[in-house]
1. How many of the residues in the stretch 97-107 are open to solvent by less than 100 Å² (accessible area, probe 1.4 Å) and either modelled with pLDDT under 85 or not small (Gly, Ala, Ser) (or both)?
2. Test of understanding: among 560, 622, which residue is open to solvent by less than 50 Å² (accessible area, probe 1.4 Å), over 30 Å from residue 405 (Cβ atoms) and either of a type outside the set (Lys, Arg) or not in a helix (DSSP H, G or I) (or both)?
3. Tally time: how many residues in the stretch 890-930 are under 24 Å from residue 859 (Cβ atoms), open to solvent by 30 Å² or more (accessible area, probe 1.4 Å) and of a type in the set (A, V, I, L, M)?
4. Does residue 939 satisfy the condition of being buried (at least 20 other Cβ atoms within 10 Å of the Cβ) and modelled with pLDDT under 85?
5. Please name all residue pairs, on different chains or six or more residues apart, with Cβ atoms under 8 Å, provided the first residue is in the stretch 692-707 and is farther than 18 Å from residue 804 by Cα and of a type outside the set (Phe, Trp, Tyr) and the second residue is open to solvent by 50 Å² or more (accessible area, probe 1.4 Å) and assigned to a helix (DSSP H, G or I).
6. Test residue 1286 against the stated conditions and say whether it is buried (at least 18 other Cβ atoms within 10 Å of the Cβ), over 48 Å from the mean Cα position of the chain (by Cα) and modelled with pLDDT under 90.
7. Here are 668, 604, 637: which of them is open to solvent by less than 70 Å² (accessible area, probe 1.4 Å), farther than 30 Å from residue 421 by Cβ and either polar (S, T, N, Q) or in contact with a strand residue (DSSP E or B) (Cβ under 6 Å, 6 or more places away or on another chain) (or both)?
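The values are calculated or read from the model by the stated rules, or taken from the named source; none is laboratory data. If you're wondering where the values come from, they're calculated on a predicted model, not measured in any experiment. We place every Cβ from the backbone using ideal geometry, glycine too, and count neighbours over all the protein chains shown. Note: areas computed on protein heavy atoms with side chains; ligands, DNA, RNA excluded. Shrake-Rupley method; radii C 1.70, N 1.55, O 1.52, S 1.80 Å.
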Amino acid sequence: VFAASRGSWLGGIPVCAGVMRTNCTLSPSSNLSAVPTVSDQAAAMQLSQCAKNLATSLAELRTASQKAHEACGPMEIDSALNTVQTLKNELQDAKMAAVESQLKPLPGETLEKCAQDLGSTSKAVGSSMAQLLTCAAQGNEHYTGVAARETAQALKTLAQAARGVAASTTDPAAAHAMLDSARDVMEGSAMLIQEAKQALIAPGDAESQQRLAQVAKAVSHSLNNCVNCLPGQKDVDVALKSIGESSKKLLVDSLPPSTKPFQEAQSELNQAAADLNQSAGEVVHATRGQSGELAAASGKFSDDFDEFLDAGIEMAGQAQTKEDQIQVIGNLKNISMASSKLLLAAKSLSVDPGAPNAKNLLAAAARAVTESINQLITLCTQQAPGQKECDNALRELETVKGMLDNPNEPVSDLSYFDCIESVMENSKVLGESMAGISQNAKTGDLPAFGECVGIASKALCGLTEAAAQAAYLVGISDPNSQAGHQGLVDPIQFARANQAIQMACQNLVDPGSSPSQVLSAATIVAKHTSALCNACRIASSKTANPVAKRHFVQSAKEVANSTANLVKTIKALDGDFSEDNRSKCRMATAPLIEAVENLTAFASNPEFVSIPAQISSEGSQAQEPILVSAKTMLESSSYLIRTARSLAINPKDPPTWSVLAGHSHTVSDSIKSLITSIRDKAPGQRECDYSIDGINRCIRDIEQASLAAVSQSLATRDDISVEALQEQLTSVVQEIGHLIDPIATAARGEAAQLGHKVTQLASYFEPLILAAVGVASKILDHQQQMTVLDQTKTLAESALQMLYAAKEGGGNPKAQHTHDAITEAAQLMKEAVDDIMVTLNEAASEVGLVGGMVDAIAEAMSKLDEGTPPEPKGTFVDYQTTVVKYSKAIAVTAQEMMTKSVTNPEELGGLASQMTSDYGHLAFQGQMAAATAEPEEIGFQIRTRVQDLGHGCIFLVQKAGALQVCPTDSYTKRELIECARAVTEKVSLVLSALQAGNKGTQACITAATAVSGIIADLDTTIMFATAGTLNAENSETFADHRENILKTAKALVEDTKLLVSGAASTPDKLAQAAQSSAATITQLAEVVKLGAASLGSDDPETQVVLINAIKDVAKALSDLISATKGAASKPADDPSMYQLKGAAKVMVTNVTSLLKTVKAVEDEATRGTRALEATIECIKQELTLFQSKDVPEKTSSPEESIRMTKGITMATTKAVAAGNSCRQEDVIATANLSRKAVSDMLTACKQASFHPDVSDEVRTRALRFGTECTLGYLDLLEHVLVILQKPTPELKQQLAAFSKRVAGAVTELIQAAEAMKGTEWVDPEDPTVIAETELLGAAASIEAAAKKLEQLKPRAKPKQADETLDFEEQILEAAKSIAAATSALVKSASAAQRELVAQGKVGSIPANAADDGQWSQGLISAARMVAAATSSLCEAANASVQGHASEEKLISSAKQVAASTAQLLVACKVKADQDSEAMRRLQAAGNAVKRASDNLVRAAQKAAFGKADDDDVVVKTKFVGGIAQIIAAQEEMLKKERELEEARKKLAQIRQQQYKFLPTELREDEG
């Protein structure tokens, strides 16, 4: 970078240019596509590894290049300027050498090669200058630098080519002219770059823009001069000049009368026409040869044109009237223009033979010459009827014959199937017109004969064009041919459109055009300008270059505006064909032609163009049958027309009739042969057949392997490791996955690509089967073995289905009936690929293979740079929200990986997989956020930082893999922790980049997270209050808190106002308001909780009322923040603004409700009423949310929905009771219960309704009755409210009617829920169902306890360095593993329970409910005991860690878990099938719990008996304290010694006593 900033040079290129050239990217998939097809294992592995290393290095290089570019980007313009100045000096030196005849060509340089290089480079110079002008005009410094560098590079090639031409030519004058003109180009270019630099300083300055445009025109002029100095070009220019001079003869007012007789003049014109037509063909032919040939051909063409023009003027002199004369002159002018165009097309093709569409443009120009000659002949000559038509037809056929010579370029836009249609239609027309020719020749109806000849000629031209295009498509679709690559734009399309628009504009302003011709020309203009604008729109959406993006958009606008202006003048002209209207029309065509030409020049930039297909020798052979048939057809048609011509004069000549019949027969045979050849050569069909055969063979192989696996006789592959096989299988499956969409696209409408893609797909299946069978042979578990083989077979079968569908579709866009089958087959194939990838990733992550994950992250990163993403469906704020979500998820996973690296390294694989998945989502959302960010710099920053995070994730995933392979490696652990920290840092950088994008909305996202945390906290507080455990910490009363609550609530109202107004103001103000409101709600929640606690636990219902009121405010604030975020920076009439106003109203309502509740809390007479009012308001808000169109994030079962209706029934009963008693306590209890019951019912109903298996009809019904039930319940509560204010017996009697309405709605809701379940519906009251639910509930509570353990940390205490894991950590780890194991156990019990129901051992609705119910009760109580024991274990572990409990308590808790586990296993085994899968899993889970419990007991016992006393010793550093400590320790030691002495004495006494009772023999032995 330092060298670059100093302008250091490497071979004439500044370092920064080298740096920027690294911005190309290769995704791993593009490098690895060859790997699966390499049969040599070592080579394949090496290629795979090298490709991955290359991808990683490229990604790092890209990051480094971006940083380097930031450091030296602005210096690019200066370095480009230096390059151009150097080139100018080099050309000056070459000129000096040429003057002294010392200039010699360099090795490998020839005149032809250098001339071609100069021609093609001149275009590159032109397009890079167009880019430079655009960038400078837009004031984009970065891309102006890039364009200046590209211009300098193109000029360098141009200077080398110019020097080579000058050194190779034998004409000294031509050499000097070439070097001078090249030096002029360099001089002008230096000025242009200098002006561009100035324009950047003052962007938008009209004067500098004007100067820039002038300098650009001068450079363009000198560039043309340079090209014109090429050999052969001068001669073409002379010919063009000669045509121009000759054509001046046509500009005189009156022509002299003819001196020759009519017949002579006519025969001379015919002869001159034939000569000119032949010369045009020679010009076309000469462009393919040496430069000298073109010079001779163009000279001859200009001479022949001169003669033809004289003959034409002579003929015009024969005209009888002035009108006839004007018409002849008009036709001669057309021929003059067509001739000039032919020479210009020949000139441009000879300069750059590889230019897109150049060959087609030349062929079209030659046809235009022929057609204009034919028009003149038809007008002027008076032969026997039918003769002119025959001559014209022969000339046309002669011209189109060239198309069949070497069709290696597209001739038209026709697809393969359009070609077949065109051939069919034209052959039908030709057949009819040939019958007409012979019929009319017989009858002597010569005008009709002439018409039939004309129609036949047009049909033959159409047939030839379709045959040439079909041959081209057959050639490029051959698998051995090199398929072309679609660029950003199709320059051929642009060139064609440009030509068509110019021709149409010419017809528009031609005085001889009839109204129908004018309308036809207008239609052509509209069609092509529309296509161009569409192409620009697509190109602007695909390119990542902001300058090009804007330029395409701007160009499309210019073309569209100038077209609109032209259409207005055409309408006026159509109404009145006056000279004034015609001149207005002429003026309106100029801006359109200019806009289209500028756009075509810009689009020809090498950065945008496609890579044309290269036809192989096999492809050329495939073309032969079509070309031979077409050539035969043209040849025999020419003979047929010549024969018919003579028959028209002499129809009574029998031998000629037999010759005509012979030619007619040959023509029809050749057309049949042509149709057969085109049909047989349909692209991709043969390849589809080969591929289908190949995949069928592979399926047979995999079936054989499956049979061998079933009989346990699958031979193990010993020549390769399982890791290498897994890697091979993964890479081949990925490659197959990458091909699915291209094949589907080709099958639907790109016939030329079908063969290539299908062959590529088939080539992967043999390696797929080999790798899959190899992997299966290495797997010991039979089930896993069969899974791999079955999934591979499924993939092969889905590929087979895809190929059949693709063959049927064949790339025909009109075969709509096949497209659904193709889409379906593609979807099935994707699913098969996903399934096998999941299996492989799981297997890989278990053994620490993370290659697939690394590839997935690298691929996601590479997509960040691939042009513009799909059309954004949301705003920056939407993408910002999701990017934040995934970034935080990645940070959390990184933290978990740090923890698991120490505790459970085997779990790292799953976490790495989760991180890979999250990064994939993040990369896509980040790309969309970058695309929608304003300004573009922030988008660039977001993209760069998301890529940096990708690098971090790759390193972390790799370290996770390494640690799984070697879990005890402390060095790898340290590295993993470093990588995890780096990931966390990079996540914060991504978040800061997003904040720069919109600080206000980022603050809203943060505030929303904080508020959701508060809501969760308040829910917990409600649980404490309901349980009667929410107590004040001291003796304060509610009055002490009331003022504080009111004051904070008012502050929140002010913050709400700022938040609403912030949506329309600056991001800074919005950020401030969001932060402030989050801080205030936190404070308010705290003071309300203190207030609720001060009410005392003896009044829990009032506490709940108060906390519910603040929870409503927090919910409303969360919605308001979300609405503000959505409405940020939107106009006042945007729908999101109305949502914001609605959310603000709800917020104000809820704060008011809180204030009323606070005031009513101490008033026993009204607080029940107040609570009921708040509940009614809350239920209304819940109902609004329920009725919204938002789809819930998760779904639940219909049973859950039915279970929740119980709450409504209970709440209804309570409400009726409260209405009858009118006691405030009952009303408060009803209010609290109602709120929860309705909220739970609505949530469960909506979640169950949106289950994917539920039909629309049932969903609508369930949602309707959910609403009905809520409305009925609201009416009931409102009636209770009325009774409270004015209790009368009549009103109380009405309660029954209200409760009936609720009961009716509940019944309907239950029926709707039953309908959701269909035939599988089970009764939630069924004991076995209750058992399953309890088991799942137990599992959930165990998991919650385990999560709580996760968050615990050992208490901090002073201790010395210790190698072993300390006791508290041992406790926590063991307790965690018990929690995990019991969770698995209870889930297994649940599965066993389901299996028993399925087997019918326990009836889904039991015949003897008491019997099965008793068994279910046993299972339920056992599950509850497991959950309770685990819970008490967690508490004991917690207390032990905190230092409040003994190890003994911990040991007994662990033993209790083991005991309750045993009980659960017994309860399950009572009826279970001992060999069933679920029972085996249950047994395994039970063993896991037992093992974990034993480990904990051992750890605790070890700690209890092996505690080192000095662990707790704290040495005092003060001298006196230290002495005191020593004395105390010595005292303790003496005391213990005395106790030890006493114990020894005691032991001795016991032994003595025992000794007395021993037999004599033993005493002696002892002795």
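1. The qualifying residues number 5.
2. 560
3. 1
4. Working: buried (at least 20 other Cβ atoms within 10 Å of the Cβ): yes; modelled with pLDDT under 85: yes.
It is true that residue 939 is buried (at least 20 other Cβ atoms within 10 Å of the Cβ) and modelled with pLDDT under 85.
5. Taking only residues 6 or more apart or on different chains, the pairs are 702/793; 703/793; 706/790; 706/793.
6. No: the conditions fail for residue 1286.
7. 604
So that you can scan it fast, the table gives a plain yes or no per residue for (1) over 13 Å from residue 1382 (Cα atoms); (2) in a helix (DSSP H, G or I); (3) at pLDDT 65 or above:
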residue	(1), (2), (3)
1449	yes, yes, yes
1457	no, yes, yes
1460	no, yes, yes
1484	no, yes, yes
1490	no, yes, yes
1520	yes, yes, no
